[in-house]
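Asker: First, the structure itself, so that you have it in front of you.
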Amino acid sequence: MAFILFIRIFGFVNESNKQIDTFSQLRLPLIVLITFAHSYSGVRAGWTLWDGGWDAYEVLKLVVSETLVKVAMPTFFVMSGYLFFVNVTEWNAKTYWNKLRRRVKALLIPYIIWNSAMAVKLQTFSLSIFIEPANMPLWFLRDLMIVSLLTPIIYIGVRKLGYWIFAILLPIYLTGLYAVQPGLTPYAVCFFTLGAFLSIRKMDLIETCMKYETPSYVLTVLLGIGMILTFRTPIFSPLMLCFRMAGTIAIFCIAHRILSTTNKRIPQIACDASYFIYLAHYVFFFAFLDTWFFSLFGTSTASLCIHYLTLPLLKAGILTGVYMGMAATDSFQRENPSNSR
């Protein structure tokens, strides 16, 4: 049960306001969205879309897994950058090392454990799995750890350059020229720096996004439609890069609108389960559920659509139940580092 020490990533934040509430409430929906991208059944796994016709199942996959999901990880990078500096009143070596120490527990140890679990499952034993993770979704943890190491440079850049730091980062990001070294991508650095910028300058992330609410919605819709229509063409990639930026702002605006008009919240235990779902969903693929479903309902287009929309939710629900069972143990409540402020 020791691994449950490390299944929360944002719980150590001491601040309580609408931003942290928004971050917490966004975790589970975004993680569930990510599971859709990793839940292809293997039936009709290829793409024939726009090769002289269209298929409802492929359109559904395209809209969710190849379009909507693209805003999930940028949103997490923005939140991570913001949270890294949210309680920082003075930047020095002690602050830096304390931040890194926490991320050893929250990022590095889960990365090692769950990568190793996937390596055992695949019977692939090589140190390279910690560079190109065997548990593929953990590329985000890898990139987040590396960009966390660069936070002194980011802090100085924000302080010295102000908004000009984005005059450097945005052109690099928009060109699509990603660094060869895994983890050192403008994609990770740019969105993390955006969150860090707002936090260091004590700017309200939600209020800042709300200033661009309408343009973000319009651009997100137009760029999303453009991505769908240009899928499998060279135009898709630059549209996707822009979609990520507009969509990330739109996500924060939508979340704020929903949370400000209702007192209903996703239960905290379910929000906390999101990190566990993220770590485990690619290891425990629950392939027997796919086999059971197709044996009962066949592989027609309608069946594939229903499978695609329901099975990821069922798998996330199972993992949430597992997490809740572990969280109920006395050892979890006593030992979980997020309970130590």
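Asker: Per DSSP helix of 4 or more residues, -39500 (n - 2.57); summed, then divided by the residues of the chain. What does that give at 222 nm, rounded to the nearest 500? Write out the running numbers ahead of the final one.
Answerer: Values: 16 runs with 223 residues, N = 341.
Calculated mean residue ellipticity at 222 nm is -21000 deg cm²/dmol.
Asker: Now for a separate question. Run the numbers for GLN268 and SER126: contour at 0.36 nm per residue of separation, minus the present Cα-Cα distance, in nm.
Answerer: Working: separation 142, 0.36 × 142 = 51.12 nm, distance 3.74 nm.
Taking 0.36 nm per residue and subtracting the Cα distance, the gain is 47.4 nm.
Asker: Next question. Could you sort out which of LYS18/LYS202; LYS18/LYS315; LYS18/LYS105; LYS18/LYS264; LYS211/LYS264; LYS18/LYS160 sit more than 22 Å apart by Cα distance in this structure?
Answerer: LYS18/LYS315; LYS18/LYS105; LYS211/LYS264; LYS18/LYS160
Asker: A further question follows. Run the simple label-point estimate for GLU213 and ARG232 please: 7 Å along Cα→C-beta, distance reported in nm.
Answerer: It is 4.0 nm.
Asker: Here's another thing I want to ask about it. For a footprinting-style exposure proxy, rank ASP272, ASP290 by other Cβ within 10 Å, fewest first.
Answerer: On the way: ASP272 23, ASP290 18.
With the sparsest Cβ surroundings first, the list reads ASP290, ASP272.
Asker: Would you list PHE288, PHE231 from fewest to most Cβ contacts within 10 Å?
Answerer: PHE288, PHE231
Asker: Modelling each spin label as a point 7 Å along the Cα-to-Cβ direction, I'd like the VAL59/PHE286 distance in nm, to one decimal.
Answerer: About 2.8 nm, to one decimal.
Asker: Under the rule a/c < 1.5 gives rounded, and otherwise a/b versus b/c splits prolate from oblate, where does the range 166-297 land using the Cα gyration tensor? If you can, show how the numbers build up before the last one.
Answerer: On the way: a/c = 1.56, a/b = 1.21, b/c = 1.29.
In terms of gyration-tensor shape, oblate.
Asker: In the chain, with Lys and Arg counted as +1 and Asp and Glu as -1 at Cβ, which of these residues, TRP292, CYS190, THR233, has the Cα nearest the positive end of the dipole, that is, farthest along it?
Answerer: Highest projection toward the positive end goes to CYS190.
Asker: When the chain is modelled as a GNM with alpha-carbon springs shorter than 10 Å, which of SER39, SER126, SER303 fluctuates the most?
Answerer: SER126
Just so you know, all these numbers are worked out from the coordinates, no wet-lab data involved. Since this is a predicted model, take the numbers as computed values, not measurements. Note that we place each Cβ from the backbone using ideal geometry, even for glycine, and neighbour counts take in every protein chain shown.
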